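The block underneath contains the structure these notes are about, expressed in C-alpha cells.
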Amino acid sequence: QVQLVESGGGLVQPGGSLRLSCAASGTQLNLYDMGWYRQAPGKPRELVARITADGAPNYAESVKGRFTISRDVAENTVSLQMNSLKPDDTAVYYCHAHLLWYDYWGQGTQVTVST
C-alpha cells in the first residue's frame, strides 16, 4: 500500500521560510512525477510546484523565485523549500504522486503565514 506523508508545516511570519517534506512508503518516488498542491479556505486546490520523474521542475507564477522543489532518491522524499513567505501562501499543502494511471495524495500539512 502506497502512503505519502507530509511534514514541515507550521506558523511562520511574513518573509520567513519553511521546508516541507513528503515521505513515501510502499513505492519509489523517483518513478513518479511529483507535485505540491495547496488549498486555501474557500478556494480550489492549485498546483504550486511539480518535478518530473527525470527531474524537470516547474512552478506556479505566484511562487517562482521563492519556492524550490527537489527530490532525494536515497531518502525517497520530495521537498518544497519555501522562502519569502507571504500571507497569501497560507493553505494546506498536499503532496501528490502520479505515474500512468496511478495517483496518490498525502493528508496535507498546514502552512500559516501571519504576524
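Suppose all protein chains stay in the model; what accessible area per residue would a 1.4 Å probe give for segment 9-69, in Å²? Could the numbers behind the result be given before it?
On the way: 3190 Å² over 61 residues.
With the other protein chains kept in place, segment 9-69 gives 52 Å² per residue.
Can you tell me the FRET efficiency between Ser17 and Glu46 if r is taken as the Cβ-Cβ distance and R0 is 25 Å, rounded to the nearest 0.05?
Numbers: r = 21 Å, r/R0 = 0.83.
Between Ser17 and Glu46 the formula returns 0.75.
Which order do peptides 38-44, 101-107 fall in by mean Cβ count within 10 Å, highest first? Write out the running numbers ahead of the final one.
On the way: 38-44: 11.3, 101-107: 13.0.
In decreasing order of mean packing, 38-44, 101-107 become 101-107, 38-44.
Taking the Cα centre of segment 31-115 as the origin, how large is its charge dipole in debye, to the nearest 20, when only Lys and Arg (+1) and Asp and Glu (-1) carry charge on their Cβ atoms?
Dipole size: approximately 260 debye.
Would you calculate the separation in nanometres between label points at His98 and Ser62, each defined as 7 Å from the Cα along the Cα-to-beta-carbon direction?
Taking the two extended label points, one gets 1.8 nm.
Heavy atoms only, probe 1.4 Å: what % of the accessible area of the chain goes to carbon and sulfur, would you let me know?
Working: 3090 of 6100 Å².
Roughly 51 percent of what the probe reaches on the chain is carbon or sulfur.
Would you calculate the separation in nanometres between label points at Asn30 and Gln110, each defined as 7 Å from the Cα along the Cα-to-beta-carbon direction?
My value for the distance between the label points is 3.6 nm.
For segment 1-42 and segment 56-99, write down the distance between their C-alpha centroids in whole Å.
Each part reduced to its Cα centre gives a spacing of 7 Å.
The values are calculated or read from the model by the stated rules, or taken from the named source; none is laboratory data. A quick note: this is a predicted structure, and the numbers were derived from the prediction, not measured. Neighbour counts are summed over all protein chains in view; Cβ atoms, including those assigned to glycine, are modelled from backbone coordinates with ideal geometry. All accessible areas refer to the heavy atoms of the entire protein, side chains included, with ligands and DNA or RNA removed. Shrake-Rupley method; radii C 1.70, N 1.55, O 1.52, S 1.80 Å.
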